[in-house]
Amino acid sequence: MTQAQAPQLSPRSNQITSLAAKIMTGLGVVLGGMWAIITYLVPDPSVFGFGFINWRNIVLLVSVFTVLGALSICWQIRNLPKMLHGTALTLLIGGLSFAFFILGTEYAKPTFEFAKVQSMVVENDGNNLLGKRMEVVDSVRIELVGCENIGRFPNCTFTLTNLDMDRDFRFESASRFFDESGAPVSIKELRVGQQPMTYWNNFQLLRNVPTTVSLVFQETDRKVERSPSIKLLISTRDNSTQALKFNDVTLK
């Protein structure tokens with residue numbers, strides 16, 4: 001009996017393999033081009049006016065292409081001898097783990113310039129699945145309870161919950177309420193519970209204790225029904241400043 005020959009790929013399988021390789025190569029070139037544009041040619045891609053261009057989505061995009069690239073390599077090496085296949089697969093798993101470690105680090109603390117700027121601003125555009133408007137900034141969960149007009153003084157109430165160790169907390173004096181025309185309105189008064197406080201002073205947040213904070217803004221020239229944005233500047237524990245914006249807020 002003649003020795004059985006190794007199975008050969010059919011022409012259709014070869015076409016599929018070639019097409020998959022071409023697609024992955026093309027996607028890799030596109031991704032590399034986008035990365036070069038963002039890194040070198042247009043360091044701040046937000047100038048294009050597209051809200052979806054941010055470093056989180058870029059990290060997500062790179063992650064998707066990384067997975068697709070790994071799948072493509074797996075497809076290409078499936079017919080290698082057993083030992084080579086095992087070695088290549090081990091290297092692929094190690095490389096994939098390292099790539100996602102780097103991507104996770106980049107997500108937590110971005111390195112390219114426009115991402116550093118964007119990471120300093122957290123934006124809330126609407127309710128979450130629980131119907132609440134909240135974000136976590138510097139380990140403090142900040143929930144917008146609501147805003148109302150008292151006379152012509154906009155008042156906004158927040159619930160702050162410290163998720164870390166007991167700490168002092170402070171809103172920066174540059175925090176602003178914006179009226180319908182985009183005019184900024186500064187803070188007039190701050191209340192913690194029912195206790196009036198000077199807004200530029202620190203107040204204490206205990207761990208896991210919800211604290212009601214009300215901001216009273218300066219008088220506006222007319223009654224405001226909707227604010228395009230409320231921008232809160234927060235002094236963080238490492239003495240830097242981070243911004244939190246609640247966009248499109250309706251006043252009662």
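Annotations
- Each of Met165, Met197 has some number of other Cβ atoms within 10 Å of its Cβ, and from fewest to most they run Met165, Met197.
- Going from the fewest other Cβ atoms within 10 Å to the most, the residues Asp164, Asp138 appear in the order Asp164, Asp138.
- In this simple spin-label approximation, Thr90 and Arg152 carry label points 7 Å from Cα along the Cα→Cβ vector, and these lie 7.7 nm apart.
- Loop-resident sites, region 133-211, for trypsin sites (Lys or Arg not before Pro), counting at most 13 other Cβ within 10 Å (DSSP): Arg152
- In a DSSP loop and with at most 12 other Cβ atoms within 10 Å, the GluC sites (Glu not before Pro) in region 137-203 are Glu180.
- Low-density loop positions, chymotrypsin sites (Phe, Trp or Tyr not before Pro), region 75-108 - DSSP coil, at most 11 other Cβ in 10 Å: none
- Distance between modelled label sites at Phe101 and Thr241, nm, 7 Å Cα→Cβ extension: 3.7 nm
- The length gained by stretching the chain between Ser181 and Leu206 to full extension, at 0.36 nm per residue less their Cα-Cα distance, is 5.2 nm.
- Mean separation of Cα contacts under 8 Å (6+ apart) over length of region 121-250, as relative contact order %: 30 percent
- 11 Å beta-carbon shell around Arg141, net charge (K/R +1, D/E -1): -3
- Spin-label pair Gln218-Trp75: with each label point 7 Å from Cα along the Cα-Cβ axis, the two points sit 6.1 nm from one another.
No value in this document is a laboratory result; all are computed from the given coordinates. Predicted, not measured: the structure shown is a model, and the values here were computed from it. No Cβ is skipped: glycine too gets one built from the backbone with ideal geometry, and neighbour counts run over all protein chains shown.
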